[in-house]
Amino acid sequence: MKKRVFAWALLLSIFLTACAAKPAAEPVPISFMHGWGGSGSDHVGMREIFSDFEKANPDVHVIYDTSPDLSIVMEKAADMLSVDKAPNIISTNGNVQYVSNAKKKGIALDLSPYLQADEAFASNVSPQILQALQEPDGAIYTLPDAVEYIGYWYNASLFRQAGITDTGTPEGEALPPKTWEEFWIACDKLAAIESQTGAVPLQLQLSQMGFFLGARLAAASEDALAFMQKKISSCGVKDAELAVSELARAMSYDTQRETKLDVRQNFFEGKSAIYIDGVWANTELAETTTQQEIRYAAFPSNTGQTIAYANPATGYVISNTGSEEQIDACIRFLKYMLSEDVQKQIVTKTHQAPSNPKISDAWVHEQVPVLSDAVQVCKQADEQILTLYSVLPAKLSAQLEQLLDELLLGKDVRSEIISIISNADGALS
């Protein structure tokens with residue numbers, strides 16, 4: 001009897017040992033492309049957030065393909081699309097063209113069924129974002145983890161020194177221009193003291209050129225404003241001509257163009273007085289050594305009303321070509337990035353405006369006052385617009401970006417830019 005019991009015990013032990021020795025399932029691999037590979041604190045913070053997803057989801061292995069330059073990432077992604085390939089998930093950070101091309105290729109995953117099936121997931125996406133990004137057939141191919149609020153930063157110390165104040169004297173309070181006429185007068189005043197300050201009025205790189213162009217166009221006429229709000233699909237030639245000529249005027253103030261430009265760093269070092277960029281461009285404020293006061297402003301108009309961008313930009317795109325397990329892992333990643341906890345980390349670590357409507361303005365102000373103040377400037381603007389890249393068809397957006405790059409390099413392509421903007425409804429080939 002004892003021998004029989006011993007035999008059964010031995011068999012049970014062998015069985016349990018075999019079960020314990022059974023290899024665990026391999027983590028699901030997903031490829032992820034993004035442009036957060038830089039050394040700045042916001043880039044480091046975002047990579048920390050990405051890394052924490054894997055820690056919380058050990059059954060998923062993220063294979064990163066990254067660069068500190070988003071344009072390099074998007075070029076590589078475009079090359080993949082040309083041969084019907086795509087990463088499992090990509091962060092487009094506002095690149096409309098990729099989303100459009102992935103949709104046309106039939107590679108972009110429609111996210112609407114996942115939103116409809118998960119109330120908690122859907123509640124983390126604002127209705128405004130859904131309305132802006134939803135296709136006519138109800139499909140949604142991209143969701144962002146931040147909202148693009150855009151005006152411009154200005155150096156209040158330099159403004160006072162130039163007499164751009166409520167009293168018109170250096171003793172007054174710095175006052176951003178309310179009309180475009182006042183804006184150019186301000187630039188002239190800043191240029192007049194450049195020999196003393198070493199600061200040009202403003203510098204423009206590619207993204208700043210696009211932001212300036214759209215804001216100036218919105219102020220050209222009521223129709224141009226409606227175009228920039230995507231209420232109408234075409235823009236008048238004269239409005240486009242005015243905006244492009246004013247862009248050239250803005251570029252003429254940069255007397256340091258022969259030097260290699262890092263316009264954000266130059267601004268924080270006090271080498272320029274105006275820096276046109278989104279509210280997210282504030283991470284260096286605490287590190288600036290100029291001891292000068294930096295504030296945020298909305299764009300002017302011709303009537304004294306203010307204009308700012310409130311752009312629900314394109315964000316993450318998931319490929320539908322992966323396995324069911326890979327798609328599930330990517331959806332989990334997207335839910336993670338839009339969750340309240342992670343959205344709060346995006347605010348504190350990267351100083352971006354959260355896309356989750358549950359993150360209150362009051363909480364953002366407690367955590368990052370400089371971000372909150374800039375966001376409120378944009379929210380309180382008299383008119384809110386979308387970027388040109390969101391308004392134009394994807395193909396024209398790509399052509400516009402290329403032309404602006406050529407203009408930056410000194411090539412006269414103003415007439416081509418005017419054609420792109422004014423023929424938006426006709427979708428030039």
With the 8 Å Cα cutoff and a minimum separation of six or more residues, region 268-400 has a relative contact order in percent of 33 percent
Which value results for Rg/Rh of region 112-257 when Rg is the Cα radius of gyration and Rh the Kirkwood radius based on the inverse mean 1/r? 1.11
As I understand it, the dipole of the chain uses +1 on the Cβ of Lys and Arg and -1 on the Cβ of Asp and Glu, about the Cα centre. Which of 252, 153, 350 lies farthest toward its positive end? 350
Provide Rg and Dmax in Å for region 185-232, with only Cα atoms included in the calculation. 15.0, 46
If one compares the long axis through the Cα atoms of helix 340-350 with the longest principal axis of the Cα atoms of the chain, the angle in degrees, nearest 10, works out at 50 degrees
Ignoring solvent entirely, what values of log10 I(q)/I(0) come out of the Debye formula for region 272-396 at 0.13, 0.17, 0.19, 0.21 Å⁻¹ when each Cα is a single scatterer? -0.70, -1.04, -1.18, -1.29
Test of understanding: express the Cα radius of gyration of region 156-195 as a ratio to 2.2 N^0.38 Å, with N the residue count. 1.02
Please give the net charge around residue 216, taking every other residue with its beta carbon less than 12 angstrom from that of residue 216, where Lys and Arg add +1 and Asp and Glu add -1. -2
Kindly express, to the nearest 10 degrees and within the range 0 to 90, the angle between helix 394-408's C-alpha long axis and the longest C-alpha principal axis of the chain. 50 degrees
Modelled label-to-label distance, residue 188 and residue 117, 7 Å Cα→beta-carbon offset: nm? 6.3 nm
What fraction of the DSSP beta bridges in the chain is antiparallel, stated in percent and rounded to the nearest 5? 60 percent
Kindly write out, for region 30-45 in residue order, the coupling ³J(HN,Hα) from the Karplus curve 6.51 cos²θ - 1.76 cosθ + 1.60 (θ = phi - 60°), rounded to whole Hz, with x marking Gly and Pro. 10, 8, 9, 9, 7, x, 9, x, x, 9, x, 4, 5, 5, 4, x
Rounded to whole Hz and in sequence order, give me ³J(HN,Hα) for region 144-160 from the Karplus expression 6.51 cos²θ - 1.76 cosθ + 1.60, θ = phi - 60°, writing x for Gly and Pro. x, 9, 8, 10, 8, 9, 9, x, 8, 8, 9, 8, 5, 5, 5, 4, 5
Where does each of 66, 197, 321, 387 land when they are ordered by accessible area, with a 1.4 Å probe and the largest first? 321, 66, 197, 387
Surrounding net charge for residue 124, when Lys and Arg each add one and Asp and Glu each subtract one, Cβ distance under 9 Å: +1
Amide H of residue 146: which non-local residues (sequence gap of 5 or more, or other chain) have their own amide H closer than 5 Å, using H built in the peptide plane? 355
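Before anything else, pin down the relative contact order of the chain: Cα pairs under 8 Å, at least 6 apart, normalised by residue count, whole percent.
Normalised by residue count, the contact order of the chain is 23 percent.
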List every residue whose amide H lies under 5 Å from the amide H of residue 61, counting only residues 5 or more places away in sequence or on a different chain, with H placed 1.01 Å from N in the peptide plane. 28, 30
Determine how large the accessible area of residue 409 is when every protein chain is in place; take a 1.4 Å probe and give Å² rounded to the nearest 10. 140 Å²
Using θ = phi - 60° and the Karplus form 6.51 cos²θ - 1.76 cosθ + 1.60, what ³J(HN,Hα) does each residue of region 262-277 get, whole Hz, x for Gly and Pro? 10, 5, 5, 5, 4, 5, 5, 8, x, 8, 8, 9, 10, 10, 8, 6
For region 47-148, taking Cα atoms only, what is the radius of gyration to one decimal and the Dmax to the nearest whole Å? 14.6, 38
How much accessible area per residue does the chain have, in Å², with a 1.4 Å probe? 46 Å²
Out-of-range pairs (alpha-carbon distance over 24 Å; input 358/395; 103/379; 103/344; 85/395; 231/358; 230/335): 358/395; 103/379; 103/344; 231/358; 230/335
Which value, in Å² and to the nearest 10, is the accessible area of residue 249 when all protein chains are kept and the probe is 1.4 Å? 100 Å²
Sort largest first and round to whole Å: the equivalent ellipsoid semi-axes of the chain, each the square root of five times a Cα gyration tensor eigenvalue. 47, 25, 19
Quick one: what do you get for region 205-285 if you divide its Cα Rg by 2.2 N^0.38 Å? 1.26
Expected sort for 139-146, 28-35 on mean C-beta neighbours within 10 Å, highest first, is 139-146, 28-35
Quick one: pull the percent of accessible area on the chain belonging to carbon and sulfur, 1.4 Å probe, ligands and nucleic acids left out. 53 percent
Give me the extension gain from residue 231 to residue 85: residue separation times 0.36 nm, minus the current Cα-Cα distance, reported in nm with one decimal. 49.1 nm
Extended-chain gain in nm, criterion 0.36 nm per residue less alpha-carbon gap, residue 335 and residue 110: 79.5 nm
So what's the angle, to the nearest 10 degrees on a 0 to 90 scale, between helix 2-21 and the longest Cα principal axis of the chain? 20 degrees
From DSSP H assignment alone, runs of 4+ in the chain each adding -39500 (n - 2.57), the sum over residues rounded to the nearest 500 puts [θ] at 222 nm at -14500 deg cm²/dmol
Report residue 104's accessible area, 1.4 Å probe, all protein chains in place, as a number in Å² to the nearest 10. 150 Å²
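The values are calculated or read from the model by the stated rules, or taken from the named source; none is laboratory data. Remember, it's a predicted structure, so these values are computed and weren't measured experimentally. Cβ atoms come from the backbone with ideal geometry, glycine included; neighbour counts cover every protein chain shown. Just so you know, the surface numbers come from the protein's heavy atoms only, side chains and all, with ligands and any DNA or RNA stripped out. Shrake-Rupley method; radii C 1.70, N 1.55, O 1.52, S 1.80 Å.
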